[in-house]
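What follows is a short report on a single structure.
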Amino acid sequence: MTKTTAARRPVEAVAVRPVKAPPPAGGRWRRRLAEQARAYAFLVGGLICFALFSWYPAIRAVVIAFQKYTPGSSPEWVGTANFTRVWHDPEFTAAWRNTLTFTVLALLLGFAVPFVLALVLNELRHAKAFFRVVVYLPVMIPPVVSALLWKWFYDPGAGLANEALRFLHLPTSNWSNGADTALVSLVIVATWANMGGTVLIYLAALQSIPGELYEAAELDGASLLQRVRHVTVPQTRFVILMLMLLQIIATMQVFTEPFVITGGGPENATVTVLYLIYKYAFLYNDFGGACALSVMLLVLLGAFAALYLRLTRSGEDV
């Protein structure tokens with residue numbers, strides 16, 4: 001008896017689709033450009049504004065820094081003569097000294113006061129929204145209006161500051177009219193006017209800290225200051241560093257307070273770099289010197305800006 005062979009299953013035919021050739025690179029690029037044309041159209045307006053009101057004036061200032069330029073006359077190339085003249089100006093040293101002193105004092109007050117206020121607001125249980133508005137309110141006041149209010153507040157005669165000191169039977173002060181106290185008075189004004197945004201940023205950073213860390217510290221018997229030192233500060237160090245760099249960049253460009261309140265006086269005690277730039281351009285009619293000083297400030301602030309960008313890219317690894 002022979003073995004029967006198993007029937008084989010028929011093999012189904014598989015349709016093979018022809019492989020399409022990839023589109024040329026130029027076609028893909030044009031398709032992407034067409035898809036993003038609307039986004040680029042929205043960018044055009046912003047780019048034009050930046051080009052006209054930011055990039056062109058900055059480039060023009062760098063060019064004028066190497067020219068003898070007076071409105072109405074043709075510019076004359078003078079090389080680094082403007083930088084040399086500005087460097088030997090007696091007001092140059094006073095302006096940089098005042099600016100650096102203002103920056104250091106503003107960092108001390110501008111870091112400590114907003115950070116402490118953020119800690120207090122973070123511990124509140126009631127009326128948090130109200131006190132946030134109160135703290136942020138000075139930021140919403142126009143800078144010139146704020147400076148005029150403080151100018152009246154510092155008036156040595158009928159100013160509110162000295163009236164309060166007289167009521168408390170304390171000695172009065174010259175405030176912004178004294179060479180020894182004028183710069184500190186301006187630091188107080190700048191701190192009051194700008195601390196609202198800093199407080200809210202610190203408050204957001206504090207609220208992002210896990211509560212388990214504080215609970216563990218309390219179980220270990222840590223006091224309030226120890227919790228702030230070993231939990232709060234390490235957890236917010238990145239935010240603190242970023243705000244300190246931004247504050248350095250901002251305070252080195254202080255202008256409104258000395259311009260409105262003191263006019264650079266008394267005895268050049270509050271002349272800052274930006275105020276000296278204003279004097280060169282609009283009082284001395286020396287646009288070459290003003291632009292040369294602007295370039296010096298630009299280089300210094302550019303270094304801090306580059307450091308800020310580098311640290312922001314590194315993120316939490318800082």
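The values are calculated or read from the model by the stated rules, or taken from the named source; none is laboratory data. Because the structure is predicted, anything quoted here is derived from the model rather than measured. Note that each Cβ is placed from the backbone with ideal geometry, even for glycine, and that neighbours are counted across all protein chains shown. Accessible surface areas use protein heavy atoms only, side chains included; no ligands, DNA or RNA. Shrake-Rupley method; radii C 1.70, N 1.55, O 1.52, S 1.80 Å.
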**Request:** Tell me which of these G178 doesn't satisfy, since it passes every other one: (1) in contact (Cβ under 8 Å) with a residue 24 or more places away in the chain; (2) within 22 Å of P138 (Cβ to Cβ); (3) not polar (S, T, N, Q).
**Result:** (2)
**Request:** Just need a number here: residues in the range 34-80 that are aliphatic (A, V, I, L, M), surrounded by 11 or more Cβ atoms within 10 Å (Cβ to Cβ) and more than 32 Å from the chain's Cα centre (by Cα).
**Result:** 1
**Request:** Output the residues belonging to the range 243-292 that are under 23 Å from the mean Cα position of the chain (by Cα), open to solvent by 20 Å² or more (accessible area, probe 1.4 Å) and aliphatic (A, V, I, L, M).
**Result:** L243, M244, L246, I248, I249, A250, V260, L274, I277
**A41 vs. criteria among the small types (G, A, S) and either more than 24 Å from V271 (Cα to Cα) or without any contact (Cβ under 8 Å) to a residue 24 or more places away in the chain (or both)** = yes
**Asked** How about the range 200-242: which of its residues are over 22 Å from the mean Cα position of the chain (by Cα), open to solvent by less than 30 Å² (accessible area, probe 1.4 Å) and without any contact (Cβ under 8 Å) to a residue 60 or more places away in the chain?
**Response** I209, A217, A222, V231
**Request:** Look at L137 and say whether it is of a type in the set (A, V, I, L, M, F, W, C) and either in contact (Cβ under 8 Å) with a residue 60 or more places away in the chain or under 16 Å from L186 (Cα atoms) (or both).
**Result:** no
**Asked** So A205 fits all but one of (1) among the small types (G, A, S); (2) closer than 22 Å to V104 by Cβ; (3) not in a loop (DSSP other than H, G, I, E, B); what number is the exception?
**Response** (2)
**Request:** Looking only at the range 112-133, count how many residues are farther than 21 Å from S208 by Cβ and open to solvent by 70 Å² or more (accessible area, probe 1.4 Å).
**Result:** 3
**Asked** Would you pick out the residues in the range 140-154 that are farther than 10 Å from T256 by Cβ and among the β-branched types (V, I, T)?
**Response** I141, V145
**Request:** Return the only residue of P142, P138 being within 26 Å of the chain's Cα centre (by Cα), closer than 18 Å to L203 by Cβ and either at pLDDT 90 or above or open to solvent by 40 Å² or more (accessible area, probe 1.4 Å) (or both).
**Result:** P138
